[in-house]
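Have a look at the structure below, then the notes.
The values are calculated or read from the model by the stated rules, or taken from the named source; none is laboratory data. All values reported here derive from a predicted model rather than from experimental measurement. In this analysis, Cβ positions are derived from the backbone assuming ideal geometry, glycine residues included, and neighbour counts consider all displayed protein chains. For accessibility, only protein heavy atoms count, side chains too; no ligands or nucleic acids. Shrake-Rupley method; radii C 1.70, N 1.55, O 1.52, S 1.80 Å.
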Amino acid sequence: MEVKTRLVKKIAKFPKVCTSCNTQISSGDAYHLEEGVDHHIHSLLARLYCSDCYAKYGEKKLLIGNY
């Protein structure tokens, strides 16, 4: 079963690390979090991306991993 996902813009309450470039996302910075369209994805499995990677690659490439 394949779970359809999308990226949702969030504001970091705590420091995080981008899944793509390993850059630290500081508290108060925007980032994009993967969430399931029809099913819940546990936070330990969900990928998150900094705004720079989101702008550079776009949602579609980030979600399929071809960047």
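Taking every residue in region 29-49 that is without any contact (Cβ under 8 Å) to a residue 60 or more places away in the chain and pairing it with any residue that is part of a strand (DSSP E or B) and among the basic types (K, R), at least 6 positions away or on another chain, the pairs with Cβ-Cβ distances below 7 Å are A30/K9; Y31/K10; Y31/K16; H32/K9; L33/K10; E35/R6; V37/R6; L48/K16.
Within this structure, N66 fails the test of being modelled with pLDDT of 95 or more, open to solvent by 80 Å² or more (accessible area, probe 1.4 Å) and assigned to a loop (DSSP other than H, G, I, E, B).
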